[in-house]
1. My understanding is that a pair violates if its Cα-Cα distance is over 27 Å; which of LYS72/LYS136; LYS64/LYS137; LYS116/LYS137; LYS40/LYS64; LYS40/LYS132; LYS124/LYS166 do that in this structure?
2. Apply the membrane-span-like helix rule to the chain: whole DSSP H runs, Cα extent along the own long axis of at least 27 Å, mean Kyte-Doolittle hydropathy at least -1.0. List the helices found.
3. Please check: in the Gaussian network model of the chain (C-alpha springs, under 10 Å), which one of VAL112, VAL160, VAL78 has the largest mean-square fluctuation.
4. For the chain, what is the convex hull volume of its Cα atoms per residue in Å³?
5. 222 nm [θ] for the chain, helices only, -39500 (n - 2.57) per DSSP H run of 4+, per residue, to 500?
6. Can you tell me the dipole magnitude for the chain around its Cα centre, using point charges on the Cβ only (Lys, Arg +1; Asp, Glu -1), in Debye to the nearest 20?
7. Among LEU63, ALA19, ALA102, which residue has its Cα positioned farthest towards the positive end of the charge dipole of the range 2-102, with +1 placed on the Cβ of Lys and Arg, -1 on the Cβ of Asp and Glu, and the dipole taken about the Cα centre?
8. Just to confirm my numbers, what's the Cα centroid distance between the range 1-39 and the range 60-76 in Å?
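All of the numbers you see were taken from the coordinates with simple rules; none came from a lab. Remember, predicted model here, so these are calculated numbers, not experimental data. Glycine gets a Cβ as well: all are built from the backbone with ideal geometry, and neighbour counts include every protein chain shown.
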Amino acid sequence: MSRIITIARPYANAAFEYARDEGVLANWAEQLEFLALVVKDPQMSCLLDDSRLTRKQRADLLLKVCGDKLDKGAVNLVNLLADNGRLQILPDIFSEFELLRADHEGKIEAVVSSAKEIPALQQKKIIQSLEKRLQKKVTLKCEIDPTLIGGAVIKAGDLVIDGTLKTRLSKMNAALLRQ
């Protein structure tokens with residue numbers, strides 16, 4: 001997976017810089033999202049993997065399915081990706097593009113995994129704390145992880161805050177073993 005992200009990142013960076021400079025970030029996000037959805041479709045994915053088709057035929061097929069939903073820049077991206085045999089990474093390009101866009105707009109999504117549902121007041125406090133720490137507008141996504149005994153793990157970009165009971169017990173155990 002990390003190899004795919006490494007391959008997708010330069011394309012996402014180029015698309016983001018182009019869209020930012022042209023003032024069409026939202027339009028490019030929509031086009032990339034649409035392309036990602038089309039490529040992830042099981043039938044389309046099989047066709048794009050068909051070794052009997054040339055790279056040009058794969059690009060033409062994808063562009064035909066997309067119809068008039070793509071502008072000239074997005075069409076050029078599809079052709080470039082097809083030339084390099086990289087059409088299947090469009091969903092990863094979209095994901096990376098969205099990260100760049102959110103960062104540019106001063107936004108970040110934080111994911112909180114906990115053993116049980118987090119009350120609304122607690123969620124609000126988590127958002128306020130993260131916004132203060134990260135200096136960005138935070139959108140919180142809560143997930144229930146039944147494997148956690150207690151506590152929570154918060155992930156926001158590169159930041160990971162592990163406040164699970166398991167981690168606390170492990171740290172306490174390590175401290176006791178050092179003595």
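1. Table pairs above 27 Å Cα-Cα are LYS72/LYS136; LYS64/LYS137; LYS40/LYS132.
2. Helices meeting the criterion: 2-22.
3. Checking each option, the largest mean-square fluctuation is seen for VAL160.
4. In the chain, the Cα convex hull volume per residue is 174 Å³.
5. -20500 deg cm²/dmol
6. Taking the Cα centre of the chain as origin, the dipole is about 820 debye.
7. In the range 2-102, that residue is LEU63.
8. 14 Å
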